[in-house]
Amino acid sequence: MSSQKITGLILAGGRAQRMGGIDKGLIPFHDKPLIESAIERLKPQVDTILINANRNITKYAHYGYPVIMDETPDFSGPLAGFSIGLKHCATPYLLTSPCDSPLLPLDLAQRMLTKLEAENLDLVYASSEEANGKVWAQPVFCLMRNTLQHLLNNFLSKGDLKIDHWFKEVRSGTVVFNAPHAFANVNTPQELDALEKISP
């Protein structure tokens, strides 16, 4: 099965400044923490799961998956999570997804893996198409080869933390999903309220 090739990494290592510093993965969503919804939707698509967190390690460990902390200081962002995920990835591919996107596509892994292998890419990220035809990159939803750790660490050593800059360093492509709500995430209390009204 293709899922056996993939380790899933749930990114829960940010500061959540726009949410008042609350650990977003632990915020209730439909009466359970956001991290639980992310796990439920990602689990069938991957061989195993890792959780990248820099706070509340014991609470995240409760879910029975390894919890790995950034090796870079100061909450360095998603690329720091990518780096530590690649270090612990024992499968050919690593699939990343944020903890605050509880409606992530159930065919995320399969569609991205199909494109990556068909086009011999190093990395594939998701994009979403809105009703008006506008396409938005969703770069934290990313499937990458586990061989990229050295290249990523070299990139980070230069002090650049921009995801789009990193994508230009490797053979990358995107898969467009016509499902904008699938990538909705929580950055503010207002966004949480709006997301609560969307059925999974």
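Report the net charge of residues surrounding residue 175, where surrounding means a beta-carbon distance below 14 angstrom and charges are Lys +1, Arg +1, Asp -1, Glu -1. Each step should come with its number before you reach the end.
Values: positive: 111, 115; negative: 107, 117, 119, 129.
Its environment carries a net charge of -2.
Mind giving me the FRET efficiency for residue 56 and residue 127? R0 is 30 Å, r the Cβ-Cβ distance, nearest 0.05 is fine.
Computed FRET efficiency for residue 56 and residue 127 comes out at 0.45.
Can you list the lysines whose alpha carbon is less than 16 Å from that of residue 87, not counting same-chain residues fewer than 8 positions off?
5
How about residue 115: which aspartates and glutamates have a C-alpha closer than 14 Å to its C-alpha, ignoring those fewer than 8 places off in the same chain?
Those aspartates and glutamates meeting the cut-off are 107.
In the chain, carbon and sulfur make up what percent of the accessible area (probe 1.4 Å)?
51 percent
For the chain, build the convex hull from the C-alpha positions and give me its volume per residue in Å³.
118 Å³
To the nearest 500 deg cm²/dmol, what mean residue ellipticity at 222 nm is calculated for the chain from DSSP H runs of n ≥ 4 alone, each contributing -39,500 (n - 2.57), summed and divided by the residues?
-7500 deg cm²/dmol, from helical runs alone.
Over segment 65-158, give the accessible area per residue in Å² for a 1.4 Å probe, as an integer.
43 Å²
Please give me the summed charge of the neighbours of residue 195: other residues whose Cβ is under 13 Å from its Cβ, Lys and Arg +1, Asp and Glu -1.
After counting each charged neighbour, the total is -2.
Take residue 153 and residue 188, extend 7 Å from each Cα along the Cα→Cβ direction, and tell me the distance between the two endpoints in nm.
4.0 nm
Pull up the cross-link candidates among the lysines for residue 59, meaning alpha carbon to alpha carbon under 22 Å and not fewer than 8 places away within one chain.
Within the straight-line limit of under 22 Å, residue 59 reaches these lysines: 24, 32, 43.
The values are calculated or read from the model by the stated rules, or taken from the named source; none is laboratory data. It should be emphasised that the depicted structure is a prediction, and the values quoted were computed from it without experimental measurement. Cβ: placed from backbone, ideal geometry, glycine included. Neighbour counts: every protein chain shown. Calculation scope for accessible area: heavy atoms of the full protein, side chains included, ligands and nucleic acids excluded. Shrake-Rupley method; radii C 1.70, N 1.55, O 1.52, S 1.80 Å.
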